[in-house]
Amino acid sequence: MNIKVARQFVLPIGIGLAVAWLVVAGLSTAQAQSTASQVPLAAAAVNRPQDPVVVKGANFSAFSGTLLDDLVLHAYRSGNWTAIPFQIDEVNITGTYVISDGGLLDPNDELVFMAGDAGDSVSTAIWPADTQSRLYSRYAITVTDPLSVGGQAWVYLYRSTTLTPSSARYITWTESAQTATAISYTAAFSPAAFVGLSDLFINGRSADILDRQKFRAQIFFLTLNEETLRTFVPATVTLPAVGPIRAAASDGGSRTAFYGSRIDFDVTLDLSILGGFLPDFIRTSFDWISPTISGITTYYDSNTAGGVTIDGVTDAVPTTPPNDWFQVNGGAGGPGGLVAAIPNVDTSGGALSNYYTDDSTCDPGDTGDHQCYGDAGLRIDGPGPVISFTLVAYVLPPGTTANVGETYFERADNPLTAAVAEQCFTPSSSGCLRIYLPLVVKNFAGAP
């Protein structure tokens, strides 16, 4: 015997009449609005298109328990509502991204969108021409740039199955190829061979600019590198949070996130698992491919404002004070480049310094192509039991030649903030006027 479940909404006559009145009133209001001024309250003024905005689900209490597929994000621009790309990543109670956690909005989840998609601020009299969305609250999200006086922009989160979401996307993750394809770059891993990024193509160019991402640690006479470390990590990189805005993974401590034009690494290393044998030093860096192939010819950092040429010949680059950022780029007409901002480092008592090597005759025992072209990163001597650092890599547009590292460091060090306010299409004396429709579920036996 098969058991079939039938769902239907039952509207008592009184409530049905009330809803009918509200819908008619809402349509009448909408018609009145069409003749009213649609001038926004304030125009968007945030110029950080590469930066994401992340808002916790706890800020949307009226939507708690709502199907994620029923939520849609809009911006108001040039007098029109526009659906913008976004995603809501499910996060469990340990802070770990998961592929699915029920598909309902809960306080741990994260709404993510790009600042460049935000628009103008509008009054509650301006609402999309969508009857269903007017039966619920909406959330106005105010994005603020702490680096800019008056730098604000707005988006609006609606609940509706009849509003069409945006189909645009800025990132695609292909697990079978271990590759993230974004609007400004393609980045790949080779986890069967070593830990970290193995390839980086930027701005549609066919030449790989990255030899590899390197790791080094010295414990007594034992040297660990990105190849020997592969035995301690899974053979496949898995990114559970994948959508049009980012592809990300988190274990509650460390986090990696790929966006359209930037890559975030938030790394926490618990060295206590070594049983009290702490490393003499730890180093992480990005080693680039020969400039004749990559087109990457210049290196800057926060201590080297004038830059040095990446040519395989050793340069005098300061090891202290610790860099806030470093940058590599090509020349005019070149592929662009990359700024690696380092806004946070906790050495747990260790000594932090800069690492840079430009030497085409690098140690033959070195990994990768056995050459070091502008190999740059950070080093910690005598690290404590738990170390952490944040590195935010911005892909620079084609033809970038100027030193712009400080600008991007300031952005990484001063992330965009978001303030959330619940708004109503039909307000009441106690807040938003909500319509609750009783749900009756009937079970009945059906023929097999």
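The values are calculated or read from the model by the stated rules, or taken from the named source; none is laboratory data. Predicted model, so just to flag it, every value in this text is computed and none were measured. Every residue, glycine among them, receives a Cβ derived from its backbone with ideal geometry; neighbour counts consider all protein chains shown.
A compact table of results
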item	result
Selection count where residues are outside any helix (DSSP H, G or I) and either in contact (Cβ under 8 Å) with a residue 40 or more places away in the chain or in contact with a strand residue (DSSP E or B) (Cβ under 6 Å, 6 or more places away or on another chain) (or both), scope segment 270-305	24
Candidates D369, D358, D315, filtered to the one that is outside the structural domain of D51 (by TED's automatic domain parsing), of a type in the set (D, E), outside any helix (DSSP H, G or I) and touching a residue at least 60 places away in the same chain (Cβ under 8 Å)	D369
Hits in segment 377-428 - residues which are of a type in the set (D, E, K, R), under 27 Å from A351 (Cβ atoms) and not in a strand (DSSP E or B)	E406, E410, D413
Qualifying residue in segment 35-49 (condition: under 14 Å from I141 (Cα atoms), assigned to a helix (DSSP H, G or I), modelled with pLDDT of 95 or more and assigned by TED's automatic domain parsing to the domain that holds P107)	no
Matching entry among Q213, Q218 (being more than 24 Å from V339 (Cα to Cα) and in contact (Cβ under 8 Å) with a residue 40 or more places away in the chain)	Q218
G196 in contact with an Asp or Glu (Cβ under 6 Å, 6 or more places away or on another chain) and at positive phi	yes
Tally of residues being among the acidic types (D, E) and part of a strand (DSSP E or B) across segment 318-354	1
Checklist (1) modelled with pLDDT under 95; (2) crowded, with 20+ Cβ neighbours inside 10 Å; (3) among the charged types (D, E, K, R) applied to D117, failing item	(1)
Breaking point among (1) crowded, with 20+ Cβ neighbours inside 10 Å; (2) more than 18 Å from the chain's Cα centre (by Cα), for A193	(1)
Members of segment 88-104 found to be crowded, with 21+ Cβ neighbours inside 10 Å and in a strand (DSSP E or B), listed by number	I88, D89, V91, Y97
Residues of segment 231-254 that turn out to be part of a strand (DSSP E or B) and modelled with pLDDT of 95 or more, as a count	5
Residue satisfying all of: in segment 168-195; of a type in the set (G, A, S) and touching a residue at least 60 places away in the same chain (Cβ under 8 Å); nearest to K214 (Cα to Cα) among these	A187
Per-region count, segment 214-230, residues part of a strand (DSSP E or B) and within 18 Å of A249 (Cβ to Cβ)	1
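Residue by residue, here is whether (1) at negative phi; (2) of a type in the set (F, W, Y); (3) buried (at least 18 other Cβ atoms within 10 Å of the Cβ) holds:
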{"site": "G334", "(1), (2), (3)": "yes, no, yes"}
{"site": "A340", "(1), (2), (3)": "yes, no, yes"}
{"site": "Y356", "(1), (2), (3)": "yes, yes, yes"}
{"site": "P364", "(1), (2), (3)": "yes, no, no"}
{"site": "C372", "(1), (2), (3)": "yes, no, yes"}
{"site": "L378", "(1), (2), (3)": "yes, no, yes"}
